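This report refers to the structure that appears directly beneath it.
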Amino acid sequence: METNTALRLAAVLADRQDAVVEAWSDAVRETLRGRLTRAELDRQLADLYTLLRTLLESGSSSLGRPDAADLRSMLSDLSHARARQGFSVSETAISVFALKAAFYRAAGDDDHVSKADFAAFSLFIDDLGLHTVETYVAARDSIITEQSQQLMELSTPVVKLWDGVVAVPLIGTLDSARSQIVMERLLQALVDTGSPYAILDITGVPAVDTQVAQHILKTVVAAQLMGAQCIISGIRPQIAQTIVSLGIEFGEIVTKANLSDALQYALRSLGTDIGKRAPRGAVI
Amino acid sequence: MDRIPVLTLGDVLLVSIQVDLEDQLALRLQEDLADRIVSTGAHGVIIDITGLDIVDSFVGRMLATIAAVSKVLDAETFVVGMRPAVAITLVELGLPLRGIRTALNVELGLAALRAARAAEYAEPEESDDDESVAT
């Protein structure tokens, strides 16, 4: 955009500020469907408008220039906030693009603004819109990464069941990344607690295919290498049938139907006896 | 370091490997251990590999050889303190370290040695079975 055009547009924007902002705010509010309060939206758009006007007053419309840093960060903040609030891409982009129509409606009758000026303004807004969409996508990506990491942390706890026995209750589908983390956490827990017995409880694993079985077997063998014994518990009937029909060999690995049996086995191997106390007041 | 120290703990020999095992060092350790088992009449050997970052097929074979030699001299060998990363690498490489018995740490290794020794005297037949599985 030429300097003259920018200055002319800035003058018109300053002149018609109230009308343009109002039309803009109305157009945006329609798409937001009450998810943002009117006052908040008005404030956001007015701030954005001021920054945009300031940039044009400096005679430039390039977003890459240092003068535009404020505008860029304001747009980034806006799209970050929208992404976190769960707005879609088009709902976010419309917040910027709606300015075009609002400007045309409020300043279309102005003799100072030619068609060429409108075209230049339109291109300028497109730039802003693109920047908004880009930061929106980046924000979304970072949210997704964060969440999958949180999910990963949530889903692989190693719990100590008894002195010398740790357990990992596996829940959900096991993929390579998850089973790698499970393996590392379990082995580290064995070292940290000095537990010779580990129980892998797969009650919460919906299906076992060759790959999942492979991962489980690797974990068990790694634990054995370190001098601990791994017990697999919670194998459901269908899974047991799948394992056999897939021809997966569990070999010498101890498998138990449920966690309780596995714990009992581990305790017995450790030489810990658990018995019922004689009922109080019993006559012997 | 030109040789790895072998410590005597009652009737158990304790070896802690802290440096990368090279051919010469490994052979030396093997000889030293054999000599010490005979001279002290030890019944158990514990090799602590907490300090090893990498266990490759050479180290694995060396450990298996030490275990086999000790076995001939009537001393059971336990390899203790293998790091999780080492265990994962060995599994991924498909090196199962046959013929080596392991425990999580020195303490558990000593307990396992005692248990193995007690089992050997209590039920000789069962310990024979164990041998055939281990080798």
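Derivation of every value follows stated rules applied to the coordinates shown; laboratory data play no part. Computed from a predicted structure; not experimentally measured. With ideal geometry, Cβ positions are generated from the backbone for all residues, glycine too; neighbour counts draw on all protein chains shown.
Descriptive notes on the structure:
- Tilt relative to chain A, helix A:237-246 - C-alpha long axis, 0 to 90 degrees, to 10: 90 degrees
- Centre separation in Å (Cα based) which lies between segment A:202-242 and segment B:12-87: 31 Å
- Spacing of the modelled spin labels on B:Asp56 and A:Glu40, each 7 Å from Cα toward Cβ, amounts to 6.0 nm.
- The simple Förster model, with R0 at 22 Å and r as the Cβ-Cβ distance, assigns A:Ala11 and A:Ser73 a FRET efficiency of 0.30.
- A helix-only calculation puts the protein assembly as shown at -20500 deg cm²/dmol for mean residue ellipticity at 222 nm, using -39500 (n - 2.57) for each DSSP H run of at least four residues, averaged over all residues.
- Gained length - A:Thr210 relative to A:Val89, 0.36 nm times residue gap less alpha-carbon distance: 39.6 nm
- Long hydrophobic helices in chain B, taken as whole DSSP H segments with a C-alpha length of 20 Å or more on their own axis and mean Kyte-Doolittle hydropathy at least -1.0: B:23-40, B:57-72, B:106-122.
- Fluctuation leader among A:Ala240, A:Ala139, A:Ala102 - chain A, Gaussian network, Cα springs under 10 angstrom: A:Ala240
- Look at where the Cα atoms of segment A:162-182 and of segment A:1-75 average out, and the two centres are 52 Å apart.
- Computed lengthening from A:Ala81 to A:Asp175, 0.36 nm per intervening residue step minus Cα-Cα distance: 30.6 nm
- As a length-normalised measure over Cα pairs under 8 Å and 6 or more apart, the relative contact order of segment A:3-148 settles at 35 percent.
- Computed over segment A:159-269, relative contact order equals 28 percent, with contacts defined as Cα pairs under 8 Å that lie 6+ residues apart.
- Distance in nm between pseudo-label sites at B:Glu107 and A:Glu57 (7 Å out along the Cβ direction from Cα): 7.3 nm
- Taking all Cα pairs closer than 8 Å and separated by 6 or more residues, the relative contact order of chain A comes to 14 percent.
- Trypsin sites (Lys or Arg not before Pro), loop per DSSP, at most 13 other Cβ atoms within 10 Å - longest free stretch of chain B: B:4-97
- Loop-located trypsin sites (Lys or Arg not before Pro) across segment A:192-284 with a Cβ neighbour count of 11 or fewer within 10 Å are A:Lys276, A:Arg277, A:Arg280, with loop assigned by DSSP.
- Fluctuation leader among A:Ser60, A:Ser95, A:Ser245 - chain A, Gaussian network, Cα springs under 10 angstrom: A:Ser245
- Both numbers refer to the Cα atoms of segment A:159-269; Rg and Dmax are 12.8, 38 Å.
- Using the Cβ-Cβ distance between B:Glu22 and A:Ser245 with R0 set to 51 Å, the FRET efficiency from 1/(1 + (r/R0)^6) comes to roughly 0.55.
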